[in-house]
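*Asks:* Dropping a structure here in structure tokens format, bear with me for questions.
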Amino acid sequence: MQGSSLNREEAVTIDGSMGEGGGQILRYSLALSALLLRPVRIMNIRAKRSNPGLRPQHLTAVKALADITMAEVVGASVGSQTLTFKPKRRLGGSYRFNIGTAGSISLVIQALLPALLFAEDDSFIEITGGTDVSNSPPIDYMRFVFKPILRKVGASIEIHLKKRGHYPRGGGLVTLNVKRLKEPLIAINVIERGEIRDVRGLSHCVKLPSHVAIRQAKSAEELVFKEVGIRPKIDVEFYEATKDPHLSPGSGITIYAITDSSVIGADALGERGKPAEKVGEEAAAKLLSELRTGMAFDSHMADMLIPYIALAKGKSCIGVSNITLHALTAIMVTKQFLQRDLFEVRENNRGGIICVDGIGYLP
């Protein structure tokens, strides 16, 4: 099914209170609107959050996609609970965006990427904001887990970390290179993870003593080795006090397993008063929990893959460790834009399987 056969004229109306009722609905709605060049009206934005409406990081995604697609936008202001977005073209090219806070760069990338993959030209994007913040995939997850998995569906991207940004000041800097697609995305059928071939990771700290990152890494290594018998190769990143360019102190660790068929990741953030050992153990425990299911994709990747396999050419089936509310919400939004019920979701005692008849989208 070619993109031209979709009804581009009729606006899609999305209720932002459905499913998990958070910013994810806004991001997926904007991403699909920009990709398909189909107008969207989103109501009740982040209705289930304690501070409903658009926040600064959401506005960055709105304004970035508006620039990339020459969109007409109504309602783009902090606190707004209704937004109308009418895109015209997917331009590609070079852009710089500044979230202005520690808002998540990873979540902005999620919103931009589908349209950039099918833009008129390759893209180079520079984003300033938060790289390691709560309730968001850290940039290391995007680099080491998301990027190689996206390659499986035929998308070529590069994510480069230039500077980290922690809460509250942010100031992180990331560049995104996107090679535009000339063919539809590739359907994948990956249910089981297969054997674990390697475990790797990165433990970091900024504006903190180096032993914080070292202790995080060591505790994660010990816990993983004890259960799976593979000693992880966890790189350690820290800075001399006089040469540390970051704005806010912080630490974190991302750890991932390379398996026969996939890459499975987990992460944890440091907090004031939280021992570094606890941070490492938390990330390792999350990874081990994902690996015990035997499924090919972790719970975070489940919802992140939804738009791509729906756009791919052919039927995809993916095994996920958990059918999360985020995944179900991503499916609901995607179905509304593609005007068809393409999905089949089956839960089991190890997680679940999501199948979709992809539309083979190509502008």
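Since every read-out is calculated from the coordinates, none of them should be taken as a lab result. Note that the coordinates shown come from a computational prediction; the quantities given were computed from them, not determined experimentally. As a convention, Cβ positions derive from the backbone with ideal geometry for all residues, glycine included, and neighbour counts pool all protein chains shown.
*Asks:* Just to confirm the number: angle between the C-alpha axis of helix 56-69 and the first principal axis of the chain, 0 to 90 degrees, nearest 10?
*Replies:* Between helix and principal axis, roughly 50 degrees.
*Asks:* Largest first and in whole Å, what are the equivalent-ellipsoid semi-axes of the range 98-157 based on the Cα gyration tensor, each being the root of 5 times an eigenvalue? Mind showing how you got there, number by number?
*Replies:* Working: eigenvalues 85, 46, 13 Å².
For the range 98-157, the semi-axes come out at 21, 15, 8 Å.
*Asks:* Restricting the count to DSSP beta bridges whose residues both fall in the chain, what percent are antiparallel, rounded to a multiple of 5?
*Replies:* Values: 52 of 73 bridges.
Restricted to the chain, the bridges split so that about 70 percent are antiparallel.
*Asks:* A further question follows. Can you pull out the trypsin sites (Lys or Arg not before Pro) in the range 58-129 that DSSP calls coil and that have at most 15 other Cβ atoms within 10 Å?
*Replies:* 88, 89
*Asks:* Quote the convex hull volume per residue of the chain, based on C-alpha atoms, as a whole number of Å³. Before the final figure, lay out the partial values.
*Replies:* Numbers: hull volume 43.3 nm³, N = 363.
Per-residue hull volume (Cα only) is 119 Å³.
*Asks:* Something else now. Rounded to the nearest Å, what's the spacing between the alpha carbon centres of the range 221-285 and the range 51-107? Just the number, please.
*Replies:* 31 Å
*Asks:* Another question, if that's okay. Could the peptides 205-215, 267-277, 233-243, 248-258 be put in order, highest first, of the mean number of other beta-carbon atoms found within 10 Å of their residues? Could you put the intermediate results ahead of the total?
*Replies:* Values: 205-215: 19.7, 267-277: 17.0, 233-243: 13.5, 248-258: 24.9.
Those peptides, ordered most packed to least, come out 248-258, 205-215, 267-277, 233-243.
*Asks:* For the range 192-292, evaluate the Debye formula with one uniform point scatterer on each Cα (no solvent term) and list log10 I(q)/I(0) at q = 0.16, 0.22 Å⁻¹, rounded to two decimals.
*Replies:* Log10 I(q)/I(0), no solvent term: -0.62, -1.01.
*Asks:* Would you calculate the separation in nanometres between label points at residue 348 and residue 197, each defined as 7 Å from the Cα along the Cα-to-beta-carbon direction?
*Replies:* 2.3 nm
*Asks:* Between residue 94 and residue 315, what is the label-to-label distance in nm when each label sits 7 Å out along the Cα-to-Cβ direction?
*Replies:* That separation, rounded to one decimal, is 4.6 nm.
*Asks:* What spacing in nm lies between the two simple spin-label points modelled at residue 274 and residue 341, each 7 Å away from Cα in the Cβ direction?
*Replies:* Result for the modelled spin labels: 4.1 nm.
*Asks:* Oh, and also: Compute the signed sum of charges (Lys and Arg +1, Asp and Glu -1) over the other residues within less than 12 Å, Cβ to Cβ, of residue 94. The partial results should precede the final answer.
*Replies:* Numbers: positive: 96; negative: 67, 121, 122, 126.
Net of charged neighbours comes to -3.
*Asks:* Which of the peptides 51-57, 310-316, 99-105 is most tightly packed, and how do the rest follow, going by the mean number of other Cβ atoms within 10 Å of each residue? Intermediate values should be presented prior to the final figure.
*Replies:* Values: 51-57: 18.0, 310-316: 21.0, 99-105: 24.6.
Output ranking for 51-57, 310-316, 99-105: 99-105, 310-316, 51-57.
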